[in-house]
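Asks: My structure is below; once you've seen it, I'll send some questions.
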Amino acid sequence: MRKAILPYGLFLALAAILSAAIPGHAQTAPVTTVVTVLGPKFTPPPAIGKDDLAVYEGKQKREINSWVPAQGDKAALELAIVIDDSDSSDLGIQFNDITSFTKSLPKSTGVAIFYASNGTVQAASQFNTDHDAVVKALRMPLGRGAAYSSIFLSLMDLISRWPVTGARREILLLADGIDRLRGDPFSPDVPSALEKAQKAGIIIHTLFASGVGRFSRNFYRVSLGQSNLAQLADGTGGESFFQGTQTPISFAPFLQQLETALKNQFFLTYATERSKKKGGELRSFRVHSEQRDVEISHASKVLVPGP
């Protein structure tokens, strides 16, 4: 009796199918995200290493491949300062704080200034490590001229046109968070902007600045706007700053806290099961540490590549 010989190509195909079906043999892919680690009340954290951390997707623990400080040759940062052009014109009194903050950033940080209006952003200054030149582009917001637009559409416009360079990409958004175009609550542009930022791996920090018009005097609408800003920051691993329902008299304390956060960031790479979707998918994860006096911030979801 002659034995049936399985063609080699068919053998490889069957082996791949069986391998994927066996637990523990699913195809994996490395994903990298930026994680911020702080001590209590925005103080520098104690030393924390790869062995002090655990990454979970649901109840499934994932293997950490690397944990690299965003320092030295990994310190490059692109920080976009986005100012809502519908903000109150009295924002100008805080420009000294923005100027001091920008000039205090290291040369490894390229800063750009954008003004948001009518669903887009206009660059007042492109990304530049010459911070003295950047701050010369600051100007007063237009106020009423752009009052009936969506700051979230403007954010999506910026993210869509922001090329990947390998540097960290982060946004400092100065706005009241009120969607004057589509309305609150449950503006559809908030989750859309959040999803777009998560897919791009961009961190959004928000600093509340009061807008114009009757909505800015409505406590309910202002509260919804602050909630929108908090959603963006929390979902991308950023910080959300506000002081009551008015523009803070001084931005300096908040910008100092942000500066501390930027100095204590890490690139986390871990292995996870590859997405079955062609374009990949956003997947929830969390980073945990048993170490005391450590506060860990990161995006709520990371983009996992597909086949």
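What follows is calculated from the coordinates using simple rules that are stated; it is not laboratory data. Every value quoted in this text rests on a predicted model; they were computed, and no experiment measured them. Cβ sites come from the backbone with ideal geometry, for glycine too, and all protein chains shown count toward neighbours.
Asks: Using the Karplus equation 6.51 cos²θ - 1.76 cosθ + 1.60 (θ = phi - 60°), what ³J(HN,Hα) coupling, rounded to whole Hz, does each residue of the range 281-286 give in order, writing x for Gly and Pro?
Replies: Computed from phi, the couplings for the range 281-286 are 7, 7, 10, 6, 7, 8 Hz.
Asks: Using a Förster distance of 30 Å, how high is the FRET efficiency between Q291 and S223, based on the Cβ-Cβ distance and rounded to 0.05?
Replies: On the way: r = 35 Å, r/R0 = 1.17.
The calculated FRET efficiency here is 0.30.
Asks: For the chain, what is the relative contact order in percent, using Cα pairs closer than 8 Å and at least 6 residues apart in sequence? The partial results should precede the final answer.
Replies: Working: 639 pairs, mean separation 87.4, N = 307.
Relative CO of the chain lands at 28 percent.
Asks: Additional query: Kindly list the residues of the range 122-141 that lie in the label zone of L181, defined by a backbone N under 20 Å from the point 7 Å along the Cα-to-C-beta vector.
Replies: 122-124, 141
Asks: Using only Cα atoms, what Kirkwood radius does the range 116-263 have, in angstroms? Intermediate values should be presented prior to the final figure.
Replies: On the way: mean 1/r = 0.0631 Å⁻¹.
One over the average 1/r among Cα pairs gives 15.9 Å for the range 116-263.
Asks: Based on C-alpha coordinates, I'd like the Rg and Dmax of the range 195-307, in Å.
Replies: Reported Rg and Dmax, both Å: 17.2, 51.
Asks: Now for a different question. Using only Cα atoms, what Kirkwood radius does the range 31-138 have, in angstroms?
Replies: Numbers: mean 1/r = 0.0589 Å⁻¹.
Here the Kirkwood hydrodynamic radius works out to 17.0 Å.
Asks: So what J values fall out for the range 230-241 if you push phi through Karplus, 6.51 cos²θ - 1.76 cosθ + 1.60 with θ = phi - 60°, rounded to Hz, Gly and Pro as x?
Replies: 5, 4, 5, 5, 4, x, 10, x, x, 10, 10, 10
Asks: Also, I was wondering about something else. Testing the spin-label approximation: label points 7 Å from Cα along Cα→Cβ at A123 and I249. State their distance in nm.
Replies: 3.8
Asks: Please identify which residues in the range 286-307 have an amide N closer than 15 Å to a label point set 7 Å out from the Cα of D51, following the Cα→Cβ vector.
Replies: 290-291
Asks: Quick one: helix 252-262 against the long Cα principal axis of the chain, what's the angle to the nearest 10°, folded into 0 to 90?
Replies: For helix 252-262, the angle is close to 20 degrees.
Asks: Which one is right for this structure if P(r) over Cα pairs in 20 Å bins from 0, in percent is calculated from it: [x] 33, 56, 11, 0; [y] 31, 51, 13, 4, 0; [z] 35, 58, 7?
Replies: Looking at P(r) over Cα pairs in 20 Å bins from 0, in percent for this model, the match is [y].
Asks: Going through the cross-link list K278/K301; K59/K199; K107/K301; K61/K199; K74/K196, which pairs have a Cα-Cα distance over 27 Å in this structure?
Replies: In this structure, K107/K301 exceed 27 Å between Cα atoms.
Asks: Something else now. Please report, in whole Å, how far the alpha carbons of the range 229-268 spread along each principal axis, starting with the longest.
Replies: For the range 229-268, the Cα spread along each principal axis is 37, 22, 7 Å.
Asks: Can I ask one more? Which one, G183, G211, G119, has the greatest fluctuation when you compute a Gaussian network model over the chain with C-alpha springs under 10 angstrom?
Replies: So, out of G183, G211, G119, the one fluctuating most is G183.
Asks: On C-alpha positions alone, give me the angle between the axis of helix 8-21 and the longest principal axis of the chain, in degrees, nearest 10.
Replies: Approximately 60 degrees, to the nearest ten.
Asks: Give the Rg (one decimal place) followed by the Dmax (whole number) of the range 90-166, computed from C-alpha coordinates and expressed in Å.
Replies: Using the Cα atoms of the range 90-166, the pair Rg, Dmax is 13.4, 38 Å.
Asks: Run the helix sum for the chain: -39,500 (n - 2.57) per DSSP H stretch of 4+ residues, divided by residue count, reported at 222 nm to the nearest 500 deg cm²/dmol. Working shown, then result.
Replies: Values: 7 runs with 80 residues, N = 307.
Mean residue ellipticity, 222 nm, calculated: -8000 deg cm²/dmol.
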